[in-house]
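What follows is a set of notes on a single structure, which appears directly below.
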Amino acid sequence: MQPQTVANEISEIIVTGEQIQARIAELAKEIDAEYRDKNVLTLGVLKGAVMFMADLSRALEIQVQMDWMAVSSYGSGTVSSGVVRILKDLDADVMGRHILIVEDIIDSGLTLSWLVQNLEARGAASVEVVALLRKPDAVKVDLDVRWIGFDIPNEFVVGFGLDWNERYRNLTGVGILKPEVYS
Ligand code: PRP
């Protein structure tokens, strides 16, 4: 879906689809170099990371095993609750694996912080994170994130996997949702 389709609901496109694809190509080169001699398991966090996982995986030259987890960190609103529940666990055994968590956004960082600890506790050989977006002004926990696509302002954003009420995930870029849509 192109931004003009929802022009009345989005105040500004902050990262275009083209910018995302160019950044993914850069990130893929760095990730290729890091995991060239390792058997990596990419772990997409549903549902927001679907687009990023799909495009990043195809930009990689190395072979990867792809797996998915669904965790819940938000209620129905727009503010992180800090409560993380596993809705769907990954299928692969974590023990001894090099895991690359693929996330769409780091907002408070609570979801990732919990997930990294969870995977380490299950015996992962290494756990790294690649996140397409990060809101530096919203991060509440100290997190070691290896690769970031874009730092963005602390606004409610949708698109490229990110939703509001399950809408806008298939927008090609990332835009700021007008407050009147969700308030
Ligand atoms: C979003 C996003 C991250 C998390 C980030 O997921 O995909 O997983 O919130 O927030 P945090 O840094 O404050 O923890 P959400 O729970 O909205 O689910 P979704 O991916 O299915 O949309």
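The values are calculated or read from the model by the stated rules, or taken from the named source; none is laboratory data. Note that the coordinates shown come from a computational prediction; the quantities given were computed from them, not determined experimentally. Here the Cβ positions follow ideal geometry from the backbone for every residue, glycine too, while neighbour counts run over all protein chains shown.
Within segment 174-181, is even one residue under 16 Å from the mean Cα position of the chain (by Cα), surrounded by fewer than 20 Cβ atoms within 10 Å (Cβ to Cβ) and among the aliphatic types (A, V, I, L, M)? Taking every residue of segment 174-181 in turn, none turns out to be under 16 Å from the mean Cα position of the chain (by Cα), surrounded by fewer than 20 Cβ atoms within 10 Å (Cβ to Cβ) and among the aliphatic types (A, V, I, L, M).
Flag: ARG85 matches the condition of being in contact with a strand residue (DSSP E or B) (Cβ under 6 Å, 6 or more places away or on another chain) and modelled with pLDDT under 95. Scanning segment 101-132 for residues that are touching a strand residue (DSSP E or B) at 6+ places or on another chain (Cβ under 7 Å) and within 9 Å of the ligand (Cβ to nearest atom) returns GLU103, ASP104, ILE105, ILE106, ASP107, SER108, LEU110, THR111, LEU112, TRP114, LEU115, ALA131. If you go through segment 160-183 and keep only what is basic (Lys, Arg) and in a loop (DSSP other than H, G, I, E, B), you end up with ARG169, LYS178. If you go through segment 16-43 and keep only what is of a type in the set (Lys, Arg) and assigned to a helix (DSSP H, G or I), you end up with ARG23, LYS29. Does ASP67 qualify as being modelled with pLDDT of 95 or more, of a type in the set (D, E, K, R) and out of contact with any Asp or Glu (no Cβ under 9 Å at 6 or more places or on another chain)? Considered against the rule, which asks whether it is modelled with pLDDT of 95 or more, of a type in the set (D, E, K, R) and out of contact with any Asp or Glu (no Cβ under 9 Å at 6 or more places or on another chain), ASP67 comes out as no.
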